[in-house]
Amino acid sequence: QEQLVESGGGLVQPGGTLRLSCAASGFEWDVDHIIAWFRQAPGKEREAVSCVSSRYNTTLYAGSVEGRFTISRDNTKNTWYLQMTNLKPEDTAVYYCAAGQILVRRCLSTLEYDYWGPGTQVTVSS
């Protein structure tokens, strides 16, 4: 059974750095999946942060994080990451990893991913 679990969240000061990890199990990596990071702040809708193909190098970022966040993957470990730098208070949210067999051109505009992790809290505060 496919499962995703996030880790690496915590409390960080503005301008700080965190790296989130998403550990995947039970996936068949002989087919392509889009893997992604989303976030949801209290009272806000869930929004896409970044996405990437499990087989290819195409990456996409939300405008609010481009230049500060980097998505990467390690297929041998079935793990992907979100490196977050220059964190701002408005980055505070629960961060979720997700996976699905969707079109890459839709990966930031749809919530219809097949699998979601339970989320990890990121708090940016001085």
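The values are calculated or read from the model by the stated rules, or taken from the named source; none is laboratory data. This one's a predicted model, so the numbers in the text were calculated from it and none came from an experiment. Positions of Cβ are generated from backbone atoms using ideal geometry, with glycine treated the same way; all protein chains shown enter the neighbour counts. We work out accessible area using only protein heavy atoms, side chains counted, and drop any ligands, DNA or RNA first. Shrake-Rupley method; radii C 1.70, N 1.55, O 1.52, S 1.80 Å.
Some observations on this one:
- Where no second cysteine Cβ lies under 4.7 Å, the cysteines concerned in the chain: none
- DSSP-defined beta bridges in the chain - what % are antiparallel, rounded to 5: 90
- Counting only protein heavy atoms and using a 1.4 Å probe, the accessible area of ASP30 comes to about 110 Å².
- Taking all protein chains into account, the per residue accessible area for the stretch 1-114 stands at 53 Å² (1.4 Å probe).
- Residues SER72, SER109, SER126, sorted by accessible area with the largest first, give SER126, SER109, SER72 [1.4 Å probe; ligands and nucleic acids excluded].
- Sorted on the mean count of surrounding Cβ atoms within 10 Å across their residues, most packed first, peptides 57-66, 113-122, 39-48 read 113-122, 57-66, 39-48.
- Projecting the Cα atoms of TYR113, MET84, LEU60 onto the charge dipole of the chain, computed from C-beta unit charges around the Cα centre, puts MET84 farthest toward the positive end.
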